[in-house]
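Below is one structure, written out as structure tokens, with a few remarks after it.
The values are calculated or read from the model by the stated rules, or taken from the named source; none is laboratory data. From a predicted model like this one, the values you see are computed outputs, not experimental measurements. With ideal geometry, Cβ positions are generated from the backbone for all residues, glycine too; neighbour counts draw on all protein chains shown. Heads up: the accessible areas ignore ligands, DNA and RNA and are worked out on the full protein's heavy atoms, side chains in. Shrake-Rupley method; radii C 1.70, N 1.55, O 1.52, S 1.80 Å.
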Amino acid sequence: MSNDLDDYSYDYEYLFKIVLIGDSGVGKSNLLTRFTRNEFNLESRSTIGVEFATRTIEIDNKRIKAQIWDTAGQERYRAITSAYYRGAVGALIVYDISKSESYESVSKWLKELRDHADENIVIELVGNKSDLDHLRAVPTEEAKHFSAENHLLFTEASALNADNVDLSFKQLLKSIYKMVSKHQLDLSDYSGNKPSAGQTISLTPTPGSAVGGSQKTKNNCC
Amino acid sequence: MSFRKWFKFVNSNEFIFGEGGGRGTNSNSSNTTSSSSPSLLKTLSHAFKEKDKIKKSIIADDQIKTIGASFSHLNISTENISSISQLQSLSSLNKNSKQSKRNSFKLDRYSSEKTTPRHSDQYTDLDDDWNADFDNGINIKSSQFLEYPTLRSKKSKQQQQNLYGDDNNTVVPTPETPKSIKEAEEKSALESKYNKFKQVLDESNIDLNKLKKLSWNGIPDELRSISWQLLIGYSPPNSNRRSSQLSRKRQEYLEGIKQVFSVEKEPSTWHQIEIDIPRTNSKIKLYSSEITQRSLERILYLWAVRHPASGYVQGINDLVTPFFQTFLNQYNKDKSISIEDFNPEILTEDELNAVEADTFWCLTKLLEGIQDNYIHAQPGIIRQVNGLKDLITRIDYELSQHLENENIEFIQFSFRWMNCLLMREISIQNTIRMWDTYLSEVNGFNEFHVYVCAAFLVKWSDELKTMDFQDIMMFLQNPPTKDWTNKDIELLLSEAFIWQSLYKNASAHLK
């Protein structure tokens, strides 16, 4: 593991909970292992329930820890996994650029988020398997257009050859960070009586940090 | 001192003696007299006091030494035993604990007679007499149920069985020149175990209770296929009916396959199966074989189509593999090759069809008992996760408090334990050994499994209690079971057994 991927559990100022959703087989777990451990496994086992991984990155000299929840894609697990949207400040909706069905499901996943997640959640659409360009079934422009219409971030990436994987996650984290720091300015006189985006970002205490340190009792992660 | 620690102690003690001198490991050697509940409690509390006494005398502090890789969770080391008298007191405790286990087992079996197993009414099999154990109620009378095995099954040469697994041509493992006394002992124990099974299986009307008693402690590899098919209620205990029944079921399966594949496939079910099969045990050679993959696809698809209330759910692809591998193993004549490296191409079409059909029917039987794990909202799993949480609160209150303080929800880590019956946490070899016991229990795959999960979690209690949210999640997602042998599984099962004896019917009035 390179230094870049080292994870100092307590050495961070922000903790962002991110969920990875999308149809079964689009490569969610491999995007996650590529981002957190720089690993890829062509025939990794299907995700059952949820799996969890973290990575800490730096934005504007601030250490930001991404706590990423990888979910099972199969329909049957939806009732269970939607519970994990609670407290998430970011979501990656993943589809496979070579499978049009997985792209057609994107609006269904969007609706899932609108129904179960925080309304301020930052969402990014990721077209995975960009290495399969010769089998492409979803034109880049179409997905880009859809993203703009629905106020989503957008990238195409390949967990297999690592193209744009870091970029997708970092772009999402940056956007969340921007939103959160703006909220903090807006809420500089925040009294703590009502929920705010500033509070949702911190799911576990952040020692040594002045910002975002919510109380332990509010750390519900799902 | 927590009860859990007491148990670890007793159990470790038992295994040490079993390993070293074979003393006290054979339940035949002591008599069991009573099976009533007060007697169980008395025995347990006696053992508890004994343990306290002995522990004070031999263990200086709470710092626990381990006995080696596979026993890393045991909390007593032979180094701690410093005198003959201590050895003797350990030996007497060992006896007590064994007696209590037998008693508690009997209690459990009797009480479970009252409960009727859940049956699914989602799908009714047209062939209603195929439930092979219809004439065998659960009524274990013998006091010799728990024999703690100290040896692992070893593969040995064996002649091929016929397609019905009921011929008498199977031979006792042929002895090779033993290299040491220990090996010779192992071999003779193995042979004696094999012979005991053979005796039960050779009867014209097999006594399933006898078979369960033996199987709880592990089935010899050579006899697992026939034993599983009997235990799960697929193969009839009456040997006169066996071959006709099995050929009928196999024919029925083939017709089912012909039928569902003659019409257009249900696209979403087929797609899900098709993408899950290549990632089922993908690191094991057997499962990368085309023949295996096509067989498993057919089995899962037919099952899914016939069970529309649940349909195919991810994880069922894991549950089919122990059956497939076990039934295929009958045809692996070269025992130097692990079944995991076996090439199924050497089977004839009939043999392969038989393996496939038997796998299908046994999977069907298994899933019948746990179907509410896979229907909408997965209520069976939710119930088991809650059951596990409840159990941990009783068994290891400190751990349950720690998990709560760290905001760990049981569903976050144990959903998969229930959904895949711990198959994602332990090897397929270990799973197969575990299923010997599950198939010998009354509700092995749902009820007993929760106790096994409790034992599994509590095993790492000390480590977990020092971890925070993130470390706990990461640890439990990838628990250190890579080097587990069947002994580790057997320890887990006996721990689970104790918890079940203590808590099974105790939860209702405490809630």
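Based on this model, can you work out whether residue B:466 counts as modelled with pLDDT of 95 or more and open to solvent by 30 Å² or more (accessible area, probe 1.4 Å)?
On the way: modelled with pLDDT of 95 or more: yes; open to solvent by 30 Å² or more (accessible area, probe 1.4 Å): yes.
Yes.
Out of curiosity, is residue B:344 in contact with a Leu (Cβ under 8 Å, 6 or more places away or on another chain) and either within 14 Å of another protein chain (Cβ to nearest Cβ) or open to solvent by less than 50 Å² (accessible area, probe 1.4 Å) (or both)? So residue B:344 fits the description; yes. Within this structure, residue B:338 fails the test of being open to solvent by less than 10 Å² (accessible area, probe 1.4 Å) and either under 21 Å from the mean Cα position of the chain (by Cα) or of a type in the set (S, T, N, Q) (or both).
Please give the helices (runs of 4 or more DSSP H) falling wholly within segment A:39-137 in which 1 or more residues are within 14 Å of another protein chain (Cβ to nearest Cβ), among the small types (Gly, Ala, Ser) and touching a residue at least 24 places away in the same chain (Cβ under 8 Å).
Numbers: elements: A:78-81, A:100-104, A:106-116.
Hits in segment A:39-137: A:100-104.
For a quick check of your reading: which helices (runs of 4 or more DSSP H) sit entirely within segment B:349-441 and have at least 2 residues that are farther than 29 Å from residue B:290 by Cα? Talk me through it step by step, then tell me what you get.
Details: elements: B:349-369, B:379-395, B:397-405, B:410-419, B:428-438.
The qualifying helices (runs of 4 or more DSSP H) are B:379-395, B:397-405, B:410-419, B:428-438.
Scanning segment B:243-259 for residues that are closer than 14 Å to residue B:350 by Cα and basic (Lys, Arg) returns B:248, B:249, B:250. Looking at this structure, is residue B:246 in contact (Cβ under 8 Å) with a residue 60 or more places away in the chain, open to solvent by 50 Å² or more (accessible area, probe 1.4 Å) and outside any loop (DSSP other than H, G, I, E, B)? Here the answer is no, as residue B:246 does not meet what is asked. Considered as a group, the residues in segment A:19-38 that are away from chain B (no Cβ under 14 Å) and assigned to a strand (DSSP E or B) include one that is farthest from residue A:172 (Cα to Cα), and that residue is A:21. What are the residues in segment B:473-489 that are surrounded by fewer than 23 Cβ atoms within 10 Å (Cβ to Cβ) and either more than 14 Å from every other protein chain (Cβ to nearest Cβ) or among the β-branched types (Val, Ile, Thr) (or both), if any? Of everything in segment B:473-489, those that are surrounded by fewer than 23 Cβ atoms within 10 Å (Cβ to Cβ) and either more than 14 Å from every other protein chain (Cβ to nearest Cβ) or among the β-branched types (Val, Ile, Thr) (or both) turn out to be B:480, B:481, B:482, B:483, B:484, B:485, B:486, B:487, B:488.
For segment B:276-286, the criterion of being surrounded by fewer than 17 Cβ atoms within 10 Å (Cβ to Cβ) and polar (S, T, N, Q) is satisfied by at least one residue.
Tell me whether segment B:278-290 contains one or more residues that are closer than 18 Å to residue B:224 by Cβ and either modelled with pLDDT under 95 or not in a loop (DSSP other than H, G, I, E, B) (or both). Yes, segment B:278-290 contains at least one residue that is closer than 18 Å to residue B:224 by Cβ and either modelled with pLDDT under 95 or not in a loop (DSSP other than H, G, I, E, B) (or both). Of the residues A:161, A:150, the single one that is in contact (Cβ under 8 Å) with a residue 40 or more places away in the chain and surrounded by fewer than 19 Cβ atoms within 10 Å (Cβ to Cβ) is A:150. Scanning segment B:347-384 for residues being more than 15 Å from residue B:163 (Cβ to Cβ) and β-branched (Val, Ile, Thr) gives a total of 5. Taken as a whole, the condition of being buried (at least 22 other Cβ atoms within 10 Å of the Cβ), farther than 23 Å from residue B:230 by Cβ and touching a Phe, Trp or Tyr at 6+ places or on another chain (Cβ under 9 Å) applies to residue B:296. Output the residues belonging to segment B:439-455 that are among the aromatic types (Phe, Trp, Tyr) and surrounded by 22 or more Cβ atoms within 10 Å (Cβ to Cβ). Answer for segment B:439-455, where residues must be among the aromatic types (Phe, Trp, Tyr) and surrounded by 22 or more Cβ atoms within 10 Å (Cβ to Cβ): B:448, B:451.
Residues in segment B:299-319 that are more than 11 Å from residue A:76 (Cβ to Cβ) and either more than 14 Å from every other protein chain (Cβ to nearest Cβ) or among the aromatic types (Phe, Trp, Tyr) (or both) were compared, and the one that is surrounded by the most Cβ atoms within 10 Å (Cβ to Cβ) is B:299.
The C-beta contact set for segment B:257-273 (first residue within 13 Å of another protein chain (Cβ to nearest Cβ), second residue not in a helix (DSSP H, G or I) and not aromatic (Phe, Trp, Tyr), distance under 8 angstrom, 6+ apart or interchain) comprises B:269/B:311; B:272/A:24; B:272/A:74; B:272/B:314.
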